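The values are calculated or read from the model by the stated rules, or taken from the named source; none is laboratory data. Note that the coordinates shown come from a computational prediction; the quantities given were computed from them, not determined experimentally. So basically every Cβ, Gly included, is an ideal-geometry build from the backbone, and we count neighbours across all protein chains shown.
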């Protein structure tokens, strides 16, 4: 609980700083969201997976849909939705895989999160399918090229630097649905101590955000949940879902 409280405090502090900066020529804030089921806005609706939330009682308190489920793993808003509201977004960041997430809609931000996803590609395989951080960052690079086409490269770079905030909520599945999975992860636990596994997570996440993303995340919010190479050249990263 102390770790969760600390994460919330970090989020609130970061928002206090960012909120004063995002009011510029681009208007309200844009939120680009990476993570797992805590912030998934419906990406898992579009992939064959056992990790789904597009059914009641999920969404019963989500005012934007009148109580209908959206694929969020919650009765109402996610923390990412609340952050977007505080940033002054006109609407919630849409899931990347939704067919209408294109054109002007991406100027509001995009949600890449996926229930069951984690830092490591092997995390969440019990769900058959999920979008891990490698693929989420690849999807962000697709959005980045769309922004270049929409605004021009210089304006797109300025948009990401001045208006965008990057929210990252990831890590718990790497333990719960990977390292600590009964039977399935026995070999991993034999090969790696808990400390070595954490070091591996940190190494992969650093690579994903500093190399694979191909862009500097100038404003970001970290939500750590576990208390208790070169840019990709694949123009169709969705092919790597399976």
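Considering only residues of region 54-68 that are buried (at least 19 other Cβ atoms within 10 Å of the Cβ) and in contact with a helix residue (DSSP H, G or I) (Cβ under 9 Å, 6 or more places away or on another chain), which is nearest to residue 135 (Cα to Cα)? Steps first, answer last, please.
Just the residues of region 54-68 that are buried (at least 19 other Cβ atoms within 10 Å of the Cβ), to begin with: 58-59, 62.
Narrowing further to those that are in contact with a helix residue (DSSP H, G or I) (Cβ under 9 Å, 6 or more places away or on another chain): 59, 62.
Values: 59: 26, 62: 28 Å.
Top of the filtered list is 59.
Of the residues in region 16-31, how many are within 19 Å of the chain's Cα centre (by Cα) and either modelled with pLDDT of 95 or more or in a loop (DSSP other than H, G, I, E, B) (or both)?
Applying the first criterion (within 19 Å of the chain's Cα centre (by Cα)) to region 16-31 yields 18, 29-31.
Of the ones still in play, those that are also either modelled with pLDDT of 95 or more or in a loop (DSSP other than H, G, I, E, B) (or both) are 29.
Of the residues in region 16-31, 1 are within 19 Å of the chain's Cα centre (by Cα) and either modelled with pLDDT of 95 or more or in a loop (DSSP other than H, G, I, E, B) (or both).
So which helices (runs of 4 or more DSSP H) are wholly in region 138-207 and hold at least 3 residues that are in contact with a helix residue (DSSP H, G or I) (Cβ under 9 Å, 6 or more places away or on another chain) and surrounded by 14 or more Cβ atoms within 10 Å (Cβ to Cβ)?
Working: elements: 153-162, 186-191, 194-207.
By residue number, 153-162, 194-207.
Go through region 99-132 and report how many residues are assigned to a helix (DSSP H, G or I) and under 26 Å from residue 177 (Cα atoms).
At the first step, the residues of region 99-132 found to be assigned to a helix (DSSP H, G or I) are 103-108, 125-127.
In the following step, the residues that additionally are under 26 Å from residue 177 (Cα atoms) were identified as 125-127.
Here the count works out to 3.
Within region 200-214, can one find any residue that is at pLDDT 90 or above and closer than 17 Å to residue 110 by Cβ?
Filtering region 200-214 for residues at pLDDT 90 or above gives 200-208.
The next check asks that each one be closer than 17 Å to residue 110 by Cβ; those that pass are 208.
Checking region 200-214: at least one residue is at pLDDT 90 or above and closer than 17 Å to residue 110 by Cβ.
Would you confirm whether any residue within region 88-98 is surrounded by fewer than 22 Cβ atoms within 10 Å (Cβ to Cβ) and not in a loop (DSSP other than H, G, I, E, B)?
No: zero hits.
Select, from 45, 75, the only residue that is at pLDDT 90 or above, closer than 19 Å to residue 112 by Cα and either in contact with a strand residue (DSSP E or B) (Cβ under 8 Å, 6 or more places away or on another chain) or assigned to a loop (DSSP other than H, G, I, E, B) (or both).
Values: 75 fails: closer than 19 Å to residue 112 by Cα.
After ruling out the rest, the residue left standing is 45.
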